[in-house]
2 protein chains.
Amino acid sequence: MADSKPLRTLDGDPVAVEALLQDVFGIVVDEAILKGTSASEKVCEWKEPEELKQLLDLELQSQGESREQILERCRTVIHYSVKTGHPRFFNQLFSGLDPHALAGRIITESLNTSQYTYEIAPVFVLMEEEVLKKLRALVGWNSGDGVFCPGGSISNMYAMNLARFQRYPDCKQRGLRALPPLALFTSKECHYSITKGAAFLGLGTDSVRVVKADERGRMIPEDLERQIILAEAEGSVPFLVSATSGTTVLGAFDPLDAIADVCQRHGLWFHVDAAWGGSVLLSRTHRHLLDGIQRADSVAWNPHKLLAAGLQCSALLLRDTSNLLKRCHGSQASYLFQQDKFYDVALDTGDKVVQCGRRVDCLKLWLMWKAQGGQGLERRIDQAFALTRYLVEEIKKREGFELVMEVAPVLKERMVKKGTMMIGYQPHGTRANFFRMVVANPILAQADIDFLLGELELLGQDL
Amino acid sequence: MADSKPLRTLDGDPVAVEALLQDVFGIVVDEAILKGTSASEKVCEWKEPEELKQLLDLELQSQGESREQILERCRTVIHYSVKTGHPRFFNQLFSGLDPHALAGRIITESLNTSQYTYEIAPVFVLMEEEVLKKLRALVGWNSGDGVFCPGGSISNMYAMNLARFQRYPDCKQRGLRALPPLALFTSKECHYSITKGAAFLGLGTDSVRVVKADERGRMIPEDLERQIILAEAEGSVPFLVSATSGTTVLGAFDPLDAIADVCQRHGLWFHVDAAWGGSVLLSRTHRHLLDGIQRADSVAWNPHKLLAAGLQCSALLLRDTSNLLKRCHGSQASYLFQQDKFYDVALDTGDKVVQCGRRVDCLKLWLMWKAQGGQGLERRIDQAFALTRYLVEEIKKREGFELVMEVAPVLKERMVKKGTMMIGYQPHGTRANFFRMVVANPILAQADIDFLLGELELLGQDL
């Protein structure tokens, strides 16, 4: 293809663009939003991988396709995808489809900018600052820092990197070989990202010391102290404790105040992984579960989970006011963070992160919050707790639900192939596989809980 | 708030949801898409930060707001945001608004799932595999592995982590202290994420050895070899070379074949950061710029840049067929990656990454590719090269454009406040600040280049 003469532009026909997007949006509304949240439709249309491949016709060709073909592809993609906003989707720690959050996400996608400088994201730089300020206020801080990260795992890694940098600023330049062996502490119920993070950051998984948890899954502070003393005796330098507010499998809340005492005594960075449980801070009734969180040095909180803001919306919050984030992660790239700009370059937040381009994750949460108000979000949290209590009471009433038996994988296969609901299962300690019920979707009602219990009985009646 | 009795559900009124989203979508089409890509509208509506804060009324309150207020907020957010799809936006390495990619993004947001298991992302697990296969084929590999990452910086970090794990698998468990001092090599024109990555991964920025570049910004292979020998003499173990295909400031393509020879001689992992330049592989006319890329061990390629797929779409591609990704990053979380599932658990790709939840980044690229075909995308690349050549020729014809002078920050302020266009500037070596022209937007035509040159003359006529 010769390149001496530019071709006339291939794109840029606004009428055709608008028509296409209107059609796609109609499909999205009908298939993903209306049917996707209707209890009378399936949660998923299960297909074996080989059959699904055929149905999707995934191969990318040299020739483009017609508008009709593309619209049909959109329908097919939605049809065979799992409906995470469906009232019978309990499979993950996220579910539900908040319309205002979705509106924020559609606007984000249409604006398609990166969060690194005020220059190209003026609205979102200011908005992120305001949203983080609000989340920090709920933690109990009236100053501090923070940033939205691509998921809770990376938020947790940030905390680990900041903690070691604060103690050993040399690490950034000279690396871990210049440091003594480090140790960090978390309970056996912690999220697996702590271990993954230790490996990725070069600390090694051996640096993670596992603290015992009680029968409800809460870290035992006395064992934490024992482990710290043991690590020191073995020649390691403890530097961080990661407590969990809302563990992944049992939903346990670690006793933060008692853990903060231990951290204070030993001079350790106190991180709280509140990816799942952080949103409980919005509820005046239940926020006592996180008492002591204001004593943390850092908090990871994912509004994409319990608040249904949409993937991904994960905040790392810091009590620090010394610009630690920028000192730890910054590299002052002169092509992006010019210091001779005509506005206050403190607004260029891109050097706080290890990413370069960074998605706008604040608008969806901000718009939902503006629409619901703090009160509306609080009601949702309280509703989730109330439905959970209802579920527990109903289970107690029903025969056959007391015992955790080895039927979860069979029931799971049956529910997915029937398409009526999705619940996650896993083993835990000496317990066999059991279903983990996640009550988060804002559209859930008692009737959905009743359906769930009835359907589990139905699916398992021959077992 | 009592929680003994569940409240009736607050959400779940599909008629109201549909009406809201229809209204928001209308605003998006009018303000972000039609006006946002129209040359007769402003690229940005510049406001000083304090004034913009007032206009946006960002504070999050306890009370929710009415539908009318929310719609007005959507309009305001779009109005004051930069229009990155505008034909006069040349400020970053991404620009343009591809309608099919946007359609894919809207569907992605409406389905709101995570890419970790076949169970909850059946369509997207298969689709990601197919898209990665296609990208690998363009690199020149008929087998391999890969994953979409949240941006090129993290893709580059993955390459670094994989390279050290391959050489020292112990590192995952025992950390960097168990290893000899490591050294990696990249040119002085490399992206700053290499240095950031070295710090984050615990290697330290000192481990990055800077190789000289020629006057066009291309790595000098002879200097690479010298640096390797020097590092070894100083007691370090070289383990990785990161070459760049499309450097950030000068757009240079490193000589990959010659660099591959050096890597082969010294047994080093060969990474190519083709975040910007990878898309040139689609052009039969220009792909020779990346000759030798098929000899790489890993390639980072961001289709959100030159292909306008939308932030973020960043692939890490691997030649490896030994499941290195999963061995290096996996932690076998039993609550998510159950091994007793009723389908082939090799389809659960979540353990390939250090994230847990991971956004679906393949659909936008897949849908755009289906619509344009490889041929359509190739034409866009060729068009970008043709327009660049036209720009160079026109600059040569005009007086006053020869010299790089200290006027870039002044011109930048003037263009942003006027709102007519956005171009990035930066210093480089001994050169003073200069404008970096990025030609990527698919709707660009000669007329836009003519406008750009005329406007620069106009803005600077008194300087």
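General observations
- Sole exception among (1) at pLDDT 95 or above; (2) at the interface with chain B (Cβ under 7 Å from one of its Cβ atoms) for A:Glu18, by number: (1)
- Residue tally, condition at pLDDT 50 or above, within 7 Å of chain B (Cβ to nearest Cβ) and either surrounded by fewer than 16 Cβ atoms within 10 Å (Cβ to Cβ) or not in a loop (DSSP other than H, G, I, E, B) (or both), over region A:4-15: 1
- Tallying residues that are farther than 26 Å from A:Phe148 by Cβ and in a helix (DSSP H, G or I) within region B:132-162 yields 9.
- Residue in region A:345-360 that is under 29 Å from A:Asn441 (Cβ atoms), under 26 Å from the mean Cα position of the chain (by Cα), aliphatic (A, V, I, L, M) and buried (at least 20 other Cβ atoms within 10 Å of the Cβ) present: yes
- Residue tally, condition under 28 Å from B:Gly350 (Cα atoms), open to solvent by 10 Å² or more (accessible area, probe 1.4 Å) and either in a helix (DSSP H, G or I) or facing chain B (nearest Cβ under 8 Å) (or both), over region A:65-91: 6
- Some residue of region A:345-358 being part of a loop (DSSP other than H, G, I, E, B) and within 21 Å of A:Ile107 (Cβ to Cβ): yes
- Residue count for region A:179-209 satisfying the condition of being within 22 Å of A:Ser322 (Cβ to Cβ) and either facing chain B (nearest Cβ under 10 Å) or not in a strand (DSSP E or B) (or both): 3.
- Qualifying position, being part of a helix (DSSP H, G or I), modelled with pLDDT under 95 and of a type in the set (A, V, I, L, M, F, W, C), among A:Ala333, A:Ala371, A:Ala384: A:Ala384
- Complete set of residues in region B:294-308 that are open to solvent by 30 Å² or more (accessible area, probe 1.4 Å) and more than 14 Å from chain A (Cβ to nearest Cβ): B:Gln294, B:Arg295, B:Asp297
- Extreme residue, nearest to B:Ser155 (Cα to Cα), among residues of region B:184-239 that are among the hydroxyl-bearing types (Ser, Thr, Tyr) and open to solvent by 30 Å² or more (accessible area, probe 1.4 Å): B:Thr195
- Selection from region B:406-432 of residues that are part of a strand (DSSP E or B) and either among the basic types (Lys, Arg) or open to solvent by 10 Å² or more (accessible area, probe 1.4 Å) (or both): B:Pro427, B:His428, B:Arg431, B:Ala432
- Flag for B:Ser110 being surrounded by 18 or more Cβ atoms within 10 Å (Cβ to Cβ), at the interface with chain A (Cβ under 8 Å from one of its Cβ atoms), of a type in the set (Gly, Ala, Ser) and not in a loop (DSSP other than H, G, I, E, B): yes
- A:Asp291 being more than 14 Å from every other protein chain (Cβ to nearest Cβ) and either in contact with a Leu (Cβ under 9 Å, 6 or more places away or on another chain) or within 23 Å of A:Val439 (Cβ to Cβ) (or both): yes
- Considering (1) surrounded by fewer than 24 Cβ atoms within 10 Å (Cβ to Cβ); (2) outside any helix (DSSP H, G or I), the lone condition that A:Phe165 does not fulfil carries the number (2).
The values are calculated or read from the model by the stated rules, or taken from the named source; none is laboratory data. These numbers come from a predicted model, not from an experiment. Please note: Cβ atoms are built from the backbone with ideal geometry, for glycine as well, and neighbour counts cover all protein chains shown. What goes into the accessible areas is simple: the full protein's heavy atoms, side chains included, and nothing from ligands, DNA or RNA. Shrake-Rupley method; radii C 1.70, N 1.55, O 1.52, S 1.80 Å.
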